[in-house]
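Below: one structure, written as structure tokens.
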Amino acid sequence: MSETKAGKLTDAEIKEYKTMFASFDSDGDGFITSDELTQVLKNLKMYSNPAQVSALIKEVDKNNNGTIEYHEFLDVINAVKSGSSSWTRVYSEQAKILKVAGHTGTHSYSEEEMAAFAEHLNNSLGHDTDLKYLMPIDPKGLDLCTKVSDGVLLAKFINLAQKDTIDERALNKRKGDKALSAFQINENLNLVVSAAKSIGVQTTNLGAAELIDGTKHPHMVLGLTWQLVKIHLLSAINLKNHPELIRLLEAGEDLKDLLRLPADQLLLRWFNYHLKKSDYGKRVNNFSGDVKDGNAYTHLLNQIAPGKCGKEGLAMDVPSRAARVIESAKGLGVRSFIQPRDITSGNSRLNLAFTAAIFNQCPGLDPISKEEIEKAGLMEDDVGDSREERAFRLWINSLNIPDLYLNNLFEDCCDGIALLKTMDKIQPKLVNWKSVEHTPKTKFHRVSNCNYVVLLGRQVKFSLVGIGGVDIEAKNKKLVLAIVWQMMRWHTLKFLAEVNSKKFGGKDVTDEMLVDWANATVAGAKRTSKMASFKDPSLATGVFYMDLLAAINPEIINWEYVKPGATPEDQLLNAKYAISVARKLGAVVFCLPEDLVEVRPKMTLTFIASCLSLIK
């Protein structure tokens, strides 16, 4: 059963089921993990052992990825209604709690994870002088939820997870012992939430209010922190940073098979590569049950650093072995926040984080020569196209579409499903799901879905000359970028028309209308800059963006930071500041400073549109 295949769900039922799913999915990432299900069972006083959790997941985990996605959760509901499921009591008891708790639902959170992430932040940011009044975070209790309330800690951590996401000149910081005002805190948290979205963090139902009262919403604080920890630890696990990862290619595979793997799956592949080279006869398929006895870790560490990490732990009991694993990793310089109990309990998040920390410190792969890189076809893509891919992918992820999270735009869109879900999100009921092949296993089925994407694109007046479904299926980068850009533009202008219906009289917003609005707004604030179009070379200075933001909020710009923009260096500084100031006002911006400096028309349009979205 799926929401689209069922075709019989009312809007009220869909809302009810999504609320129920969210009550299990504590971090809002679209997947119910074994840890999240364990916490729910403990909250319901129904937890017995990890085998119970594994059995419940296995009952509905059709794609065998160890988690429950929304469409699989609908199968849970269907089975419960028919009375033929082990989930019946779990579901009904959780529903009772939700009924009492109201529409906001009830959420559990892991005390172990709260403690672990507090330690990670202490290790990563404890030296920052701007955070002296917050550090260290007490790993016990909800101190982490208190320390994030003014936004400064989270802003710093976002920059650690993804360098230069936030220009700290736009961040309100304490001066001496004087606490920030409520207004300054709200600005910081707007900046944090918008910046988090811009790097792919799911922020469903999360805003400044929830972070200010973090102790009342610990599951939201934990969900946000976990996603940032994951980005921080996994961001370098890719072929660009580690071309030696091509050594993980297996028989019959080519580079594309590795490129389509998300970082966590690439990490599993790396783990198993070393296990295969050792004398350990097993492989790990997850970061929970398969690593909880510590044996795989012992063999991994011995394989990558035989001189420093021995196998004596194999003769110990499981808790002692887990402790020895952590000590061995520390001997390699791994700064880890995991505890022996986290390994032995099979906490998938903390074990994933621990494995990533080991990789980042000591990947243990032989260096690769330039000739090998060229032979494998691992040449750097066009930088501009890479930035567009990033912006469009993160935009789709920000739409919070159930069962959809893109790791690679070209690989993840080639069967048409992701693009159809995106179009259906922008214009509900546009897609006739009876015309879609939901499990496209053959090229014929993939092309059929992609042809339907093109057909619907023409229906909503996209310019698709020379683009066919076969191009999407073949992952033609230029053409995929062209069609996804038109989706993003369609969504942006449609949203602007809806939130500014009085201003535009219900008409579709055009590029010209956006330019006219921006110029009129700037002129109305007695500023002298202006733009001719989204290609106007003068936009490179960044001055127009500053004037526009100041026109929206006269107090938002610190003019001491604004440069004339005469040099490339000053232009980049202005662009960084403008993007962070826009986010401080609550705008969601997906472009990078380089896009504004280079005056890439698609990205300048989205930036101006994000500014207009602030006018409600």
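The values are calculated or read from the model by the stated rules, or taken from the named source; none is laboratory data. None of the values given here were measured: they were computed from a predicted structure. Using ideal geometry, Cβ is built from the backbone for each residue, glycine included, and neighbour counts are taken over all protein chains shown.
Pick from VAL522, VAL454, VAL465, VAL447: which is more than 30 Å from the chain's Cα centre (by Cα) and closer than 26 Å to GLN427 by Cβ?
Selected residue: VAL465, the only one of VAL522, VAL454, VAL465, VAL447 that is more than 30 Å from the chain's Cα centre (by Cα) and closer than 26 Å to GLN427 by Cβ.
If VAL509 satisfies every condition in (1) more than 28 Å from the chain's Cα centre (by Cα); (2) at pLDDT below 90; (3) surrounded by fewer than 20 Cβ atoms within 10 Å (Cβ to Cβ); (4) not basic (Lys, Arg) but one, which is the exception?
The failed condition is (3).
Given the residues LEU258, LEU266, LEU300, which is the only one that is of a type in the set (A, V, I, L, M), in contact (Cβ under 8 Å) with a residue 40 or more places away in the chain, assigned to a helix (DSSP H, G or I) and crowded, with 17+ Cβ neighbours inside 10 Å?
Details: LEU258 fails: in contact (Cβ under 8 Å) with a residue 40 or more places away in the chain; LEU266 fails: in contact (Cβ under 8 Å) with a residue 40 or more places away in the chain.
Among LEU258, LEU266, LEU300, only LEU300 is of a type in the set (A, V, I, L, M), in contact (Cβ under 8 Å) with a residue 40 or more places away in the chain, assigned to a helix (DSSP H, G or I) and crowded, with 17+ Cβ neighbours inside 10 Å.
Working carefully through the options VAL470, VAL465, VAL453, find the one that is assigned to a loop (DSSP other than H, G, I, E, B) and either touching a helix residue (DSSP H, G or I) at 6+ places or on another chain (Cβ under 6 Å) or on the phi < 0 side of the Ramachandran plot (or both).
Residue meeting the stated conditions: VAL465.
Scan region 559-582 for residues that are more than 15 Å from ARG169 (Cα to Cα) and touching a Pro at 6+ places or on another chain (Cβ under 6 Å) and report the count.
0
One residue is enough: does region 217-230 have a residue meeting the conditions out of contact with any Pro (no Cβ under 8 Å at 6 or more places or on another chain), surrounded by fewer than 19 Cβ atoms within 10 Å (Cβ to Cβ) and of a type outside the set (S, T, N, Q)?
Of region 217-230, the ones out of contact with any Pro (no Cβ under 8 Å at 6 or more places or on another chain) are 217-230.
Those still in the list that are surrounded by fewer than 19 Cβ atoms within 10 Å (Cβ to Cβ) too: none.
There is no residue in region 217-230 that is out of contact with any Pro (no Cβ under 8 Å at 6 or more places or on another chain), surrounded by fewer than 19 Cβ atoms within 10 Å (Cβ to Cβ) and of a type outside the set (S, T, N, Q).
What's the total number of residues in region 426-444 that are free of Cβ contacts under 8 Å to residues at least 60 places away in the same chain, assigned to a helix (DSSP H, G or I) and under 23 Å from VAL460 (Cα atoms)?
1
Among the residues of region 129-148, which ones are assigned to a loop (DSSP other than H, G, I, E, B) and closer than 21 Å to GLU112 by Cα? Spell out how you get there, then give the answer.
Residues of region 129-148 assigned to a loop (DSSP other than H, G, I, E, B): 132-142, 148.
Correct list: LEU134, MET135, PRO136, ILE137, ASP138, PRO139, LYS140, GLY141, LEU142, VAL148.
Looking at (1) more than 26 Å from SER288 (Cβ to Cβ); (2) part of a loop (DSSP other than H, G, I, E, B), which is the one condition that is false for LYS15?
The single condition LYS15 does not satisfy is (2).
Residue by residue through region 156-171, note down the ones that are within 23 Å of ASN123 (Cα to Cα) and of a type outside the set (Lys, Arg).
PHE157, ILE158, ASN159, LEU160, ALA161, GLN162, ASP164, THR165, ILE166, ASP167, GLU168, LEU171
Could you list all residues from region 32-73 that are surrounded by 20 or more Cβ atoms within 10 Å (Cβ to Cβ) and aromatic (Phe, Trp, Tyr)?
Scanning region 32-73 gives TYR70, PHE73.
Test GLY281 against the criterion of being over 19 Å from ILE246 (Cα atoms) and touching a residue at least 12 places away in the same chain (Cβ under 8 Å), and give yes or no.
Taking the combined requirement at face value, the residue does not satisfy it.
Report, by residue number, each residue of region 512-528 that is surrounded by 15 or more Cβ atoms within 10 Å (Cβ to Cβ) and either within 13 Å of ILE608 (Cβ to Cβ) or outside the structural domain of VAL581 (by TED's automatic domain parsing) (or both).
MET513, LEU514, VAL515, TRP517, ALA518, ASN519, THR521, VAL522 - these are the residues of region 512-528 that are surrounded by 15 or more Cβ atoms within 10 Å (Cβ to Cβ) and either within 13 Å of ILE608 (Cβ to Cβ) or outside the structural domain of VAL581 (by TED's automatic domain parsing) (or both).
Would region 150-158 turn up any residue that is closer than 28 Å to MET546 by Cα, touching a His at 6+ places or on another chain (Cβ under 8 Å) and surrounded by 17 or more Cβ atoms within 10 Å (Cβ to Cβ)?
Checked region 150-158: at least one residue is closer than 28 Å to MET546 by Cα, touching a His at 6+ places or on another chain (Cβ under 8 Å) and surrounded by 17 or more Cβ atoms within 10 Å (Cβ to Cβ).
May I ask you to say which residue of LEU430, LEU419, LEU481 is surrounded by fewer than 17 Cβ atoms within 10 Å (Cβ to Cβ), hydrophobic (A, V, I, L, M, F, W, C) and outside the structural domain of GLU72 (by TED's automatic domain parsing)?
LEU430
Which residue pairs have Cβ atoms closer than 7 Å, lie 6 or more positions apart in sequence or on different chains, and pair a first residue in region 138-150 that is under 15 Å from TRP226 (Cα atoms) with a second residue that is among the hydrophobic types (A, V, I, L, M, F, W, C) and not in a helix (DSSP H, G or I)?
LEU144/ILE137
Being modelled with pLDDT of 95 or more and in a helix (DSSP H, G or I), is that true of even one residue in region 277-289?
no
Are any residues in region 546-598 within 23 Å of VAL193 (Cα to Cα) and of a type in the set (S, T, N, Q), and if so, which ones?
Once the filter is applied, which keeps residues that are within 23 Å of VAL193 (Cα to Cα) and of a type in the set (S, T, N, Q), region 546-598 yields ASN553, ASN558, ASN574, SER580.
Residues in region 368-404 that are modelled with pLDDT under 85 and in a helix (DSSP H, G or I): how many?
11
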